[in-house]
Amino acid sequence: AHGVRVVGVEPEGSRALAAALAAGRPVDVTVDSVAADSLGARRIAVEALRWAQRDHARAVTVPDAAITTARRRLWEEHRLVVEHGAATAVAALDSGAYRPEPAERVCVVVCGANTDPADLGERG
């Protein structure tokens, strides 16, 4: 109604939303991702699936390598310490998993409350 699109982004190794959208109902998935501590749901809630099935919503997945690269870039270029889950949304933009329309304005909410800055130098 207000021209807002919601894009759900999840790691390829933790794809409860993508699996539920494909099945048309919540299903159990295996969780194996660097972002599992915040995006490691094995099953999506029925209400979340209902929202994700609306016209204004979209879902994409990104590999762990894109997540760690986005997280590192946020630190190196902007001095933002974010958790892997927050970097997942940035990874969707950086990797091209989500491509905004030409006039689309994008907002990504990031958080660092669930992270250890000590691992920012690690690769992988």
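The values are calculated or read from the model by the stated rules, or taken from the named source; none is laboratory data. Every value quoted in this text rests on a predicted model; they were computed, and no experiment measured them. SASA here: full protein model, heavy atoms, side chains in, ligands and nucleic acids out. Shrake-Rupley method; radii C 1.70, N 1.55, O 1.52, S 1.80 Å.
The calculated 222 nm mean residue ellipticity attributable to helices in the chain amounts to -10500 deg cm²/dmol, summing -39500 (n - 2.57) over DSSP H runs of n ≥ 4 and dividing by all residues. Calculated accessible area for the chain comes out at 61 Å² per residue, all protein chains present (probe 1.4 Å; ligands, DNA, RNA ignored).
Taking the accessible area of the chain, probe 1.4 Å, and keeping the other protein chains in place, the carbon and sulfur fraction comes to 50%. In the complete set of protein chains, residue-level accessible area for Val108 is approximately 50 Å², probe 1.4 angstrom.
The alpha carbon radius of gyration of segment 53-124, expressed as a multiple of 2.2 N^0.38 Å, is 1.16.
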